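The values are calculated or read from the model by the stated rules, or taken from the named source; none is laboratory data. Given the structure is predicted, the values throughout are model-derived calculations rather than measurements. In this analysis, Cβ positions are derived from the backbone assuming ideal geometry, glycine residues included, and neighbour counts consider all displayed protein chains. These area figures cover heavy atoms from the full protein model, side chains too; ligands, DNA and RNA do not enter into them. Shrake-Rupley method; radii C 1.70, N 1.55, O 1.52, S 1.80 Å.
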Amino acid sequence: MSNIRITKQFSFETGHALYGYDGKCRNVHGHSYKLSVTVVGNPISDTSHVKFGMVIDFGDLKKIVKEEIVDVFDHATVFNKNTPHVELAKELSDRGHSVLLVNYQPTSEMMVIDFAGKIKARLPKNIQLHSLKLQETATSYAEWFASEN
């Protein structure tokens, strides 16, 4: 049977600020992120299997990514918890805002690494994460490829 790649796309709104950065992104701001998740595997060949012909049900992949990424990051503001932004995060959280504190600078590059680990941990053993593409703006994105990691 052939290895086949399938891709599911997601979108979510997230705010962040880059502590110590020398440009505009040091300010709290947001993006309409688009995340493409590509997995690879063999289509199920058992004709009696309810998922016959599928690598993974798109609905099953959607459930994983929504639970691990979209539902967590959508309409949240992300800060590096190892910076003074933790004070701003506490203030926002105390006022009822959704705030995420992470162990990294919340750039697209670092977010896509985080997302890869979370998604890989939830995939069935016969399915491999092939790549992720996290688009921050219409012209800017970060990509992660399993073959390079």
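Data overview
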quantity	calculated
Hits in the stretch 74-100 (condition: touching a Lys or Arg at 6+ places or on another chain (Cβ under 9 Å) and either open to solvent by 80 Å² or more (accessible area, probe 1.4 Å) or among the β-branched types (V, I, T) (or both))	V99
Contacts under 6 angstrom Cβ, first residue in the stretch 3-22 being more than 23 Å from E68 (Cβ to Cβ), partner open to solvent by less than 70 Å² (accessible area, probe 1.4 Å) and part of a strand (DSSP E or B), 6 or more apart	N3/V40; Y19/N80
Every pair of residues 6+ apart whose Cβ atoms lie under 9 Å, when the first sits in the stretch 51-67 and is among the charged types (D, E, K, R) and open to solvent by 50 Å² or more (accessible area, probe 1.4 Å) while the second is modelled with pLDDT under 95 and in a helix (DSSP H, G or I)	none
Enumeration of residues in the stretch 128-148 that are farther than 21 Å from V70 by Cβ and exposed (fewer than 11 other Cβ atoms within 10 Å of the Cβ)	T139, S147, E148
Residue that is farthest from H16 (Cα to Cα) [pool: residues in the stretch 114-127 that are surrounded by fewer than 16 Cβ atoms within 10 Å (Cβ to Cβ) and not charged (D, E, K, R)]	N126
